[in-house]
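Working notes, beginning with the structure itself.
The values are calculated or read from the model by the stated rules, or taken from the named source; none is laboratory data. No experiment lies behind these values; they were computed from the predicted model shown. Here the Cβ is made from the backbone with ideal geometry for all residues, glycine too, and neighbour counts use every protein chain on show.
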Amino acid sequence: MTGYVLRRALQAAAVLLAITAAAFGLFYAAPADPALIACGPKCDTGQVEAVRHSMGLDQPLAGQYTDYLRGLVAGRVIGDVDGTPIDCPAPCLGYSYTLHQPVLDAIGDRFPVTLSLAAGALAVILVLGVGTGFAAALRRGTRTDRLLSGFTLIGASVQIYFLGYALQYLLVYSTGLFPVPQYAPFGADPGAWATGLLLPWLVLGFVNAAVFARLARSQMLETMHEGYVRTARGKGMSALRAHLKYTARGAAAPLAQLLGLEAGALFGGAFITETVFGLGGIGKLAVDAVVQNDLPTVVGTVLLAAFFVVLFVALADLVVALLDPRVRLA
Amino acid sequence: MSAVLRVRDLTVSFPGRGSAGAVTAVDGVSFDLARGEVLGLVGESGSGKSTVGLAAMGLHDAARTRVSGSVRVGGTEVVGAPESEVRALRGARIAMVFQDALAALSPFHGVGEQLAEAFRIHHAGASRHEARDAAVSMLERVGIPAARARDHPHQFSGGMRQRVMIAMALINAPDVLVADEPTTALDARVQRQVLELLEELRQESGTAVVLVTHDVGVVAGTCDRMLVMRGGRVVEEGPTARLMTAAEHPYTRALIGATPSMDSVPGTRLATVDGVPAAARWDAPARPAGTRTLAEVVDLRVEFPGRRRGVFGRHEPVRAVRGVSLRVAAGETLALVGESGSGKSTTARVLAGLRRPTGGEVRFDGRDISRAAVDARLRREIGREVQLVFQDPYASLNPRRTIEEIVGTPLRVHTALDAGERRERVAGLLRQVGLDPAHLGRYPHEFSGGQRQRVGIARALASRPRLIIADEPVSALDVSVQAQVLNLLMDLREELGLSLLFVSHDLAVVRHLCDRVAVMRAGTIVESGPRDEVFDDPKAPYTRELLAAAM
């Protein structure tokens, strides 16, 4: 167990290192000049050079990269556009010259939105996706089965921006059934937090639920015929209880793995959903940063997204091992 | 005499989908089971014997099965009864032991917990504590120490798992136990232990047993009465002793004669169910002892990477084969005998050039072939001379290829024949193994298990090899089909002068077919020699144990 966690942590560190390197490299291949953008359209060549120097962009690429890594581990001092030093404690993800704040702060400001959105959407995916999949499998071949499977398929075939805007128009603006989607901090008012995010949760969850519903259904159907389910019924257990206790557990492993990937993706930001509902989360921050050539923010958000994917995939493997004692963590 | 299980005119059919007609799996079966009696339900696959067991438990898939007739457990009717009534019987009055305990036990829960669950379902008032005590004492009764109650099924051996299964079925002291092939997946020694345990428990508790099996030998040793089934109907019924010696129905006689026993004359043709009497070659010709070595391994060692220890720990290797030396002479049939996990299949795979040995020499016709598994050209050259026949005729044929393609593949690889010539050769091969050449264009699923194994043998013969390695080629087959395939192998060996390496755990089959025998255990050869020497005068204690279990 300890060995597993250590090995997984080392693996994660290697993956993240490779991703920072790739993000750095890719970004420098892009033609735009961050110094020019940071300085603004009215700067002359001299001013741009000064800005370039204070941003550290005149250093060789390798040097900038090692500086970045050192900041990540030990913190560092960064020069603002005008040269004033800014203290950036570890883990320092750099300083955004467009937002005029350390990247970590920029992420920290928006992370609660993404966290709330992702957690709610995952809950919807679990209930709607896995739930309907299980229910459809238990009533396989019936009208309920076809209805449930068809319903989740609608989610897979509809685009978030269409469904999001359409539902927002229908449920919020013309009928007033739902409150206007907005983010209210959970700590301040849990009620407002939940009602404000309800529609985004449903939309984001519904659109992603179909894959889970289909997988859950097929896994259940496969596991239903396992010998141990029959044995449970042979003991005198009712079919429904046997399926809930044994079939569901046998079907759970691939679902846990897929859910891990999905969670990793959602915690890295959901740009389209955030845009549709006007929520400022990590997804929006990342896309804005790319558009504005804000290198530190781009690398920071990419790193964050990768971190969550690596984390949740490892967690999913752990869950699979807990579900099934035959699985050995490697 | 009151019957604890009374089956009358039981008929089970699966209504077909669309154009496919209904399949009748069980057709008008009737029998009584008296208190404490052991009844053998014997038949080959597809005879409906397992379906009878499932229907008695009411465990068939209600949506896809039609059941009529009557099954009464004690006094309670099962057929057509509401699920809640049948559920009260299941696990309490009638319980079942399934064939494959590894599949039938939950992999997610400790064995003690699984027993306790069976107890609690029928003892509504029992506390967790009582249930656990009941589970532990039942486990101890079948020889599993209380300390292992928390272990999971995969941590037990096959025999231990079947003991758990039996303990679980008997925890509520049922009147009837349906045991569906309870020992088929086990090695002979373990099979004997499990059957003895079952008999002991039966005498203690008075539980009547329906033993569903294809193995006439098992029935002969355990059952008072037997019921022979074929195609869903009862062919013959009577006391075991009478049926074993003087069965009236030819099918029963064939079924009994189809299994080579430890007393049958080696090399003789075996009776088959389709009316071929045990005839033809009466006295087995004395097979000439081969002198020239065709294939051999010397001090063979094979290791598999095992589990890793610690963060950067090394993989602890599993030593599957530890210094094995053996040789196959030209024209000779050598048996490699051992229980599962003894390393016999691994040794065979090395000789076939499919696995690279960790150490030792591997030679075919004097040539070093130890690198065949990693050297594609060498592997191809060896493939022409050495061919394999596999255990599972379902898994070893590609379901998406026609028989012509399957059997013709070795010809495409190893010969320069054109398509027409290949077709000619394939047709000839099919004739040779007793299949109709008109079936060239068919797919594997259109054939029965025995026919598929013939296809597998035809494929192995295609490149005209000198050595055929057969890894448990008849273990997955029904007894009558097994007889056909063994007969075929004996004919072909005679006709083509083939050398045969026959890997098997079945001593009776080995005794019938092979010239020399090597006995493997835990990666080493404990004894080897001519057949009669090993069987009549075994030197190693382990060989004696194996022989005792097979008797």
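Listed by first and then second residue, the pairs linking a residue in the stretch A:237-266 that is within 14 Å of chain B (Cβ to nearest Cβ) to a residue that is among the basic types (Lys, Arg), with Cβ atoms under 7 Å apart and 6 or more places separating them unless they lie on different chains, are A:SER238/B:ARG87; A:ALA239/A:ARG233; A:ALA242/A:ARG233. Evaluation of A:TYR165 against the conditions (1) surrounded by 19 or more Cβ atoms within 10 Å (Cβ to Cβ); (2) under 25 Å from the mean Cα position of the chain (by Cα); (3) in a helix (DSSP H, G or I) shows that the sole unmet condition is (1). Would you be able to say whether some residue in the stretch B:160-169 is within 11 Å of another protein chain (Cβ to nearest Cβ) and basic (Lys, Arg)? No - not one qualifying residue is present in the stretch B:160-169. B:VAL52: among the β-branched types (Val, Ile, Thr), in a helix (DSSP H, G or I) and farther than 25 Å from B:LEU477 by Cβ, yes or no? Taking the combined requirement at face value, the residue does not satisfy it. Within the stretch B:426-436, if we keep just the residues that are at pLDDT 90 or above and in contact with a Lys or Arg (Cβ under 9 Å, 6 or more places away or on another chain), the residue that is surrounded by the fewest Cβ atoms within 10 Å (Cβ to Cβ) turns out to be B:LEU430. Counting only strands (runs of 3 or more DSSP E) wholly contained in the stretch B:183-274, the ones carrying 3 or more residues that are out of contact with any Gly (no Cβ under 7 Å at 6 or more places or on another chain) occupy B:233-239. If you check B:GLN162 against the conditions, is it at pLDDT below 90 and under 17 Å from the mean Cα position of the chain (by Cα)? Here the answer is no, as B:GLN162 does not meet what is asked. Restricting the search to the stretch A:149-161, which residues are in a helix (DSSP H, G or I) and surrounded by 12 or more Cβ atoms within 10 Å (Cβ to Cβ)? Within the stretch A:149-161, A:SER149, A:PHE151, A:THR152, A:LEU153, A:ILE154, A:GLY155, A:ALA156, A:ILE160, A:TYR161 meet the criteria. Residue count for the stretch A:13-35 satisfying the condition of being surrounded by 12 or more Cβ atoms within 10 Å (Cβ to Cβ) and within 14 Å of another protein chain (Cβ to nearest Cβ): 0.
Exactly one residue among A:GLY264, A:GLY300, A:GLY278 is outside any helix (DSSP H, G or I) and not hydrophobic (A, V, I, L, M, F, W, C), and that residue is A:GLY278. Counting only residues that are within 28 Å of B:ALA330 (Cα to Cα) and in a helix (DSSP H, G or I), the stretch B:431-450 holds 3 of them.
With the requirement that a residue be at the interface with chain A (Cβ under 8 Å from one of its Cβ atoms), among the charged types (D, E, K, R) and not in a strand (DSSP E or B), what does the stretch B:72-125 give you? Result: B:GLU83, B:ARG87, B:ASP100, B:GLU117. Inside the stretch B:385-411, residues that are small (Gly, Ala, Ser) and surrounded by 17 or more Cβ atoms within 10 Å (Cβ to Cβ) make up a count of 2. For the residues B:LEU354, B:LEU378, B:LEU388, the requirement of being within 21 Å of B:PHE502 (Cα to Cα) and outside any loop (DSSP other than H, G, I, E, B) singles out B:LEU388.
When each of A:ALA156, A:ALA192 is tested for being under 27 Å from A:GLN219 (Cα atoms) and more than 14 Å from chain B (Cβ to nearest Cβ), the lone residue that passes is A:ALA156.
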